[in-house]
Every structure is written in structure tokens, then in C-alpha cells.
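**Q** Below: one structure in C-alpha cells.
The values are calculated or read from the model by the stated rules, or taken from the named source; none is laboratory data. Owing to the predicted nature of the structure, the values given are computational and were not obtained by experimental measurement. No Cβ is skipped: glycine too gets one built from the backbone with ideal geometry, and neighbour counts run over all protein chains shown. Just the protein is used for accessible areas: all its heavy atoms, side chains included, with ligands, DNA and RNA removed. Shrake-Rupley method; radii C 1.70, N 1.55, O 1.52, S 1.80 Å.
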Amino acid sequence: MAKKIFSQIDGGTLESIAKILADTSFGLTGTELSRFIPEAGLIDVDPTITKWKRLFNSFAEFQNRTKTSNLILRFINITMKASRFVGQNEKFEFLRGELNKRLSFIGLTLNESAVFNPVDISKTIQEAEQRVNRFKSKLQNRNIHSKIY
């Protein structure tokens, strides 16, 4: 079976994904970036710069070289693996919700098992927000802490 090739992700979406994943409060640490960037098959272009720029540059280098986003999506899968968040469900759901807002613009969503599923592409911010609001109501039904919203 042939491996699916995913199209490039536009720069704005790529930047916002990098900012979420490298967020100071909820995102990856510098040490985790040093581990996960090569694990995903990406190149750590400049490990001395700000975390989100470091991650964005790794993403952009890969896309510019291959014209695909496959390893970027692999990076998200690796870093959002549910087993990494045992005891940190609120953090997982926050990151997943924020990522899903951006991923909806490329026709993907990250499910509770950290697996990508296809969705209709969001064309507006309102469409992306509505998807998250549906997700938010599911969280409210589960009595998730209010800070996560």
C-alpha cells in the first residue's frame, strides 16, 4: 500500500502550530524539542533560537525541501501521543483543541487517541471556532476544569 503524501501547510498555519507546540506554559520544553525533532525525522536547524522559531524553522526546512508536510504531521503525532499526558488530561485537551483549530484549515483533526482524521476544510475563523466550541461542550459534559477553556 502506498504511503499518503500530505500537501504543504501554509506559512501562517505552520507558524501558529509551532507557537502552540512550543508554548511556554503548555508546550514542549527545549529538551523535548531536541529529542522529538530528530525522532520525527526533521532537522533541528538552529537549536539556539526561541523554541517556536526553532520548531517553525525545522518545519519550514522540511517543507521547502520535500514539498510535503508528512514529517510535520508525524512530529505532532509523536508529541501528542496520549501516553505522554497520563495525569495531565487538561493539558492534552488544551493543546489538542488549539491544534485542531489550526488543523481544520488543512482538513484534519486530531482525535482523542492523537490520530489524524479528515474533516471538511474550515474556510473562516468562525468555522474553526465552531468546531472547537462543539469540542468545548463535550469537555463541559465531562466536568473538565474551567482553566482549560
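**Q** List pairs: first residue in segment 1-24 and of a type in the set (F, W, Y), second residue in a helix (DSSP H, G or I) anywhere in the structure, Cβ distance under 7 angstrom, at least six positions apart or on different chains.
**A** As it stands, the answer is F6/N70; F6/L73, since those pairs meet every condition given.
**Q** Another question, if that's okay. Return the pair list, or none, for Cβ contacts closer than 7 Å from residues in segment 112-127 that are within 19 Å of I76 (Cα to Cα) and aliphatic (A, V, I, L, M) to residues that are part of a loop (DSSP other than H, G, I, E, B) and open to solvent by 90 Å² or more (accessible area, probe 1.4 Å), at least 6 apart or on different chains.
**A** From segment 112-127, the pairs are A114/K81.
**Q** Has segment 86-94 got at least one residue that is open to solvent by 60 Å² or more (accessible area, probe 1.4 Å), modelled with pLDDT under 95 and of a type in the set (D, E, K, R)?
**A** yes
Conditions tested, residue by residue: (1) in contact (Cβ under 8 Å) with a residue 24 or more places away in the chain; (2) out of contact with any Asp or Glu (no Cβ under 8 Å at 6 or more places or on another chain); (3) of a type in the set (A, V, I, L, M).
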position: T31; (1), (2), (3): no, yes, no
position: S34; (1), (2), (3): no, no, no
position: A40; (1), (2), (3): yes, yes, yes
position: V45; (1), (2), (3): no, no, yes
position: F59; (1), (2), (3): yes, yes, no
position: N64; (1), (2), (3): no, yes, no
position: S69; (1), (2), (3): yes, yes, no
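**Q** Just the residues that are farther than 20 Å from F6 by Cα, more than 12 Å from the chain's Cα centre (by Cα) and part of a loop (DSSP other than H, G, I, E, B), please, taken from segment 27-66.
**A** Listed by number, the residues that qualify are T29, D44, V45, D46, P47, T48, I49, T50.
**Q** Oh, and also: Within segment 62-70, identify whether any single residue is touching a Phe, Trp or Tyr at 6+ places or on another chain (Cβ under 7 Å), modelled with pLDDT of 95 or more and more than 22 Å from E127 (Cβ to Cβ), and answer yes or no.
**A** Within segment 62-70, one or more residues are touching a Phe, Trp or Tyr at 6+ places or on another chain (Cβ under 7 Å), modelled with pLDDT of 95 or more and more than 22 Å from E127 (Cβ to Cβ).
**Q** Give me the residue from segment 4-26 that is assigned to a helix (DSSP H, G or I), open to solvent by less than 40 Å² (accessible area, probe 1.4 Å) and not small (G, A, S) and, out of that set, nearest to T48 (Cα to Cα).
**A** Ranking the candidates gives L21 first.
**Q** With respect to S104, is the statement that it is surrounded by 19 or more Cβ atoms within 10 Å (Cβ to Cβ), among the hydroxyl-bearing types (S, T, Y) and at pLDDT 90 or above true? First the steps, then the outcome.
**A** Values: surrounded by 19 or more Cβ atoms within 10 Å (Cβ to Cβ): yes; among the hydroxyl-bearing types (S, T, Y): yes; at pLDDT 90 or above: yes.
Here the answer is yes, as S104 does meet what is asked.
**Q** Follow-up. In segment 88-123, which residue that is part of a loop (DSSP other than H, G, I, E, B) and touching a strand residue (DSSP E or B) at 6+ places or on another chain (Cβ under 8 Å) is nearest to S69 (Cα to Cα)?
**A** Here the answer is G107.
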